[in-house]
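Computed from the coordinates by the stated procedures, all read-outs in this text should not be read as laboratory data. This one's a predicted model, so the numbers in the text were calculated from it and none came from an experiment. A quick note on method: Cβ atoms are made from the backbone with ideal geometry, for glycine too, and the neighbour counts reach across all protein chains shown.
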């Protein structure tokens, strides 16, 4: 019986030793197996070789055809590694400018989300534009003169600020033929994935007997389409409008605001923009105004573009002896800086 017991102990020791030897051999084999890294560069070239080292600035590999290569992380578009453990080491060493494929992409995106904690503080520079155009007008006056417009835009994280102004003034034979000023200040911000906006608009139009119109609106935006070459969005808002006319009419009303805006890129250069704005008395929908803007912008240089704009303003309840519709065709240059 003792002999059998000793025999079983020897067998158990032999099994344990065999398992240990196998594990040691497997670990040693794995350590000696080279990690192969497949790299795709920003210019489209593909490089494959044995992994040497990685840092925030460079990735070093050894190839069979070109020897040891040191690749800048800024030049790397994506990469793959044959070993999961080493892949994590490489991913932690390289900057997020590199884009590993497959599962690595998700890991990098998660790291970005954790690092930013939901807050993006990137601020774009101010974008300014000045438009000088020859204007042909038909409606309450039939005239042609010069027009000037100014716009400024800035985007910061999830917010955006836009200011625009349009002015016309003309006198012919001592008679005023144009006196128009419109300004718009708009602030947009995304709150819990809901795009909201607030607008302040001011307008003077002496030809239509409008001393001034002041509107304050708030609402929500719905981006229906957002692509590199096409965009489409809708605004739904409400607010208060104060109007004073030279006829003696003064009124303060609760107002609604509906807007559709779309842009399309043509031939990757020219851009077609359309915008339709509808505003009415909230309690008297028959008293409404509608404004339509259609613009075609064709870049000439980085800062200069040729711009053609059709601008139509319609008032369903105008003042006495004032036409409902005014149409302007603007042809000129846009300077962006």
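Give me the distance in nm between label points sitting 7 Å out from Cα along the Cα-to-Cβ direction at residue 320 and residue 66, one decimal.
8.4
Under the Kirkwood approximation applied to all pairs of distinct alpha-carbon atoms, what is the hydrodynamic radius of the range 275-337 in Å?
13.7
I'd like to compare 64-73, 213-222: which one has the highest average count of other Cβ atoms within 10 Å, and what's the full order after that?
Highest-to-lowest ranking by the protection proxy: 213-222, 64-73.
What distance in nm separates the two pseudo spin-label positions at residue 128 and residue 292, each 7 Å out from Cα along the beta-carbon direction?
Here the modelled spin labels are 3.4 nm apart.
Within the range 290-322, list the residues whose amide N lies under 18 Å from a label point set 7 Å along Cα→Cβ of residue 231.
Backbone N within reach: 293-299.
Just to verify a number: FRET efficiency for residue 264 and residue 161, C-beta to C-beta distance, R0 = 22 Å, to 0.05?
Here the calculated transfer efficiency is 0.35.
Quick one: give the max-minus-min coordinate of the C-alpha atoms of the range 127-336 along each principal axis, largest first, in Å.
The Cα atoms of the range 127-336 stretch 47, 41, 23 Å along the principal axes, largest first.
Mind checking the alpha-carbon convex hull of the range 164-285 and giving the volume per residue in Å³?
130
How many angstrom lie between the C-alpha centres of the range 276-337 and the range 63-78?
55
Could you compute the FRET efficiency for residue 153 and residue 50, with r as their C-beta to C-beta distance and R0 at 41 Å, rounded to 0.05?
0.25
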